[in-house]
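Written below as structure tokens is the structure these notes are about.
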Protein chains: 2
Amino acid sequence: MTITITAFERSPDGGKGLARDTRVRWALEEAELPYDVRFVSFAEMKQPAHLAVHPFGQIPTFEDGDLTLFETGAIVFHIAERHTNLLPADPDARARAVTWMFAALSSVEPPVLDLQTAKFAEGDKPWAQERMPLVFDRIRARLRQLADRLGDAEWLESSFSAGDLLMVSVLLRLRMSGILDEFPTLAAYVARGEARPAYKRAFAAQLAVNAPPTD
Amino acid sequence: MTITITAFERSPDGGKGLARDTRVRWALEEAELPYDVRFVSFAEMKQPAHLAVHPFGQIPTFEDGDLTLFETGAIVFHIAERHTNLLPADPDARARAVTWMFAALSSVEPPVLDLQTAKFAEGDKPWAQERMPLVFDRIRARLRQLADRLGDAEWLESSFSAGDLLMVSVLLRLRMSGILDEFPTLAAYVARGEARPAYKRAFAAQLAVNAPPTD
């Protein structure tokens, strides 16, 4: 049985790896699981066939035999739980790793996504420029807390986990803004994530789709 | 060993049950687990002692013997996984329930929280009124998709799960706005959640703290 995920036919980021399929690809690469990709257009994402799989009309989705999942966090958790050592064996350590998965998506990503909203959905509004510093301040407040907790540690808990996979993925969305450079330990943390061979394979796979080499 | 959670010394909502400790109380009540509550003031939440437990300086936290957790989603998952039938036994059904946990917190709650930001953090800005319809439109888009998926079903999957517990809790935040009334099946879904005896006990427990009866 082959795992099939969905991804953008053409990612809005042009291959920067910020679309959420990269997170799932990364988890699958850490697990050394082969997978197929079904590409969907923006029009297809809003059609009944795709909405039957993903009620919010987004990517990625995950299909493995009779099981169909959506929500990146849930997919990464499923892969981590069944197939890899992305979650520690010790029950308490595992609960802490799961905590960081939720923290990445529930506490850190919302202010980060607000920056996307401010730039792309509301960027043409007359007040867009005036609001932007408020958006950045909320991101900064969160990053400061995260940096305080991480300290000089390599990963959020004692070894790399699905929590780091998601946290690094969320933080990568901030690279272009420059704000990550204000927090050198977080920038180094993100770089450690990107240096993992599994991440490199995931990144290369999405890049090949979204920015095919010209010859 | 007694479970101890943290909650606001005085909730900003004055006992409406929207603070996140209610979600954890609800899960603990579903599990019929006794628990203690340690109340923290806004000042204490930003002090090192609390930040050591919750790096983002919030409530709730969860302590059970040597295990300390933060992040409501992770705490509810922990309770559901170890102590209750809030997650189905069948592995695939369980993965789908976990999907709804992430969906509640990652896909539905962010636009809902944006309403709080718009009202409270940015309500005094000159553009606050002009921006509000955009915030509501993003919430509406998400609720419409959720209502389409729920249809006439009682719960998001075949039986009440931790996914419903979190989804109902997120939707409850919208009640005062009136927007939930635009989606009668979602309003009924929320009402089914509130009708559960465990929810009622959780609500009453937080109300007793935040709006003690006058005599």
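The values are calculated or read from the model by the stated rules, or taken from the named source; none is laboratory data. Please read these numbers as outputs of a predicted model, since none were measured by experiment. Heads up, the Cβs are rebuilt from the backbone with ideal geometry, glycines too, and the neighbour counts pull from every protein chain shown.
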Condition check: more than 12 Å from chain A (Cβ to nearest Cβ), within 20 Å of B:ALA198 (Cβ to Cβ) and of a type outside the set (Lys, Arg). Does B:PRO12 satisfy that? no
Out of A:ALA141, A:ALA95, which single residue is of a type in the set (Gly, Ala, Ser) and surrounded by fewer than 17 Cβ atoms within 10 Å (Cβ to Cβ)? A:ALA141
If you check A:ALA188 against the conditions, is it under 17 Å from A:LYS16 (Cβ atoms), of a type outside the set (D, E, K, R) and without any contact (Cβ under 8 Å) to a residue 24 or more places away in the chain? no
The listed residue being over 29 Å from A:ARG144 (Cα atoms), surrounded by 21 or more Cβ atoms within 10 Å (Cβ to Cβ) and under 18 Å from the mean Cα position of the chain (by Cα), out of A:PHE70, A:PHE102, A:PHE77: A:PHE70
Looking only at the stretch A:4-32, which residues are surrounded by fewer than 20 Cβ atoms within 10 Å (Cβ to Cβ) and touching a strand residue (DSSP E or B) at 6+ places or on another chain (Cβ under 6 Å)? A:THR4, A:GLU9
Part of a helix (DSSP H, G or I) and in contact (Cβ under 8 Å) with a residue 40 or more places away in the chain, is that true of A:LEU87? no
State whether one or more residues within the stretch B:150-157 are under 20 Å from the mean Cα position of the chain (by Cα) and farther than 22 Å from B:ALA31 by Cα. yes
Considering each of A:PRO48, A:PRO34, A:PRO55, A:PRO12 in turn, give the residue that is touching a Lys or Arg at 6+ places or on another chain (Cβ under 7 Å) and not hydroxyl-bearing (Ser, Thr, Tyr). A:PRO55
With the stretch B:102-215 as the region, which helices (runs of 4 or more DSSP H) entirely inside it contain at least 1 residues that are within 25 Å of B:THR6 (Cα to Cα), within 14 Å of another protein chain (Cβ to nearest Cβ) and among the acidic types (Asp, Glu)? B:109-116
What pairs come up if the first residue lies in the stretch B:168-179 and is within 16 Å of B:THR117 (Cβ to Cβ), the second is outside any helix (DSSP H, G or I), and their beta carbons are under 6 Å apart, counting only those six or more places apart or on different chains? B:ARG173/B:LEU18
If we keep only residues of the stretch B:36-46 that are farther than 15 Å from B:VAL209 by Cα and touching a strand residue (DSSP E or B) at 6+ places or on another chain (Cβ under 9 Å), then the residue surrounded by the most Cβ atoms within 10 Å (Cβ to Cβ) is B:MET45
Meets criteria (in contact with a Gly (Cβ under 7 Å, 6 or more places away or on another chain) and among the acidic types (Asp, Glu)) for B:ASP164: yes
B:ALA49: under 19 Å from the mean Cα position of the chain (by Cα), at pLDDT 95 or above and among the small types (Gly, Ala, Ser), yes or no? no
Is the stretch A:158-175 home to any residue that is modelled with pLDDT under 95, surrounded by 15 or more Cβ atoms within 10 Å (Cβ to Cβ) and either outside the structural domain of A:ARG82 (by TED's automatic domain parsing) or out of contact with any helix residue (DSSP H, G or I) (no Cβ under 6 Å at 6 or more places or on another chain) (or both)? yes
Selection from the stretch A:90-101 of residues that are free of Cβ contacts under 8 Å to residues at least 24 places away in the same chain and either at the interface with another protein chain (Cβ under 7 Å from one of its Cβ atoms) or under 14 Å from B:PRO55 (Cα atoms) (or both): A:ASP92, A:ALA95
Of everything in the stretch A:142-154 that's touching a residue at least 24 places away in the same chain (Cβ under 8 Å) and in contact with a helix residue (DSSP H, G or I) (Cβ under 8 Å, 6 or more places away or on another chain), which residue is farthest from A:PHE183 (Cα to Cα)? A:GLU154
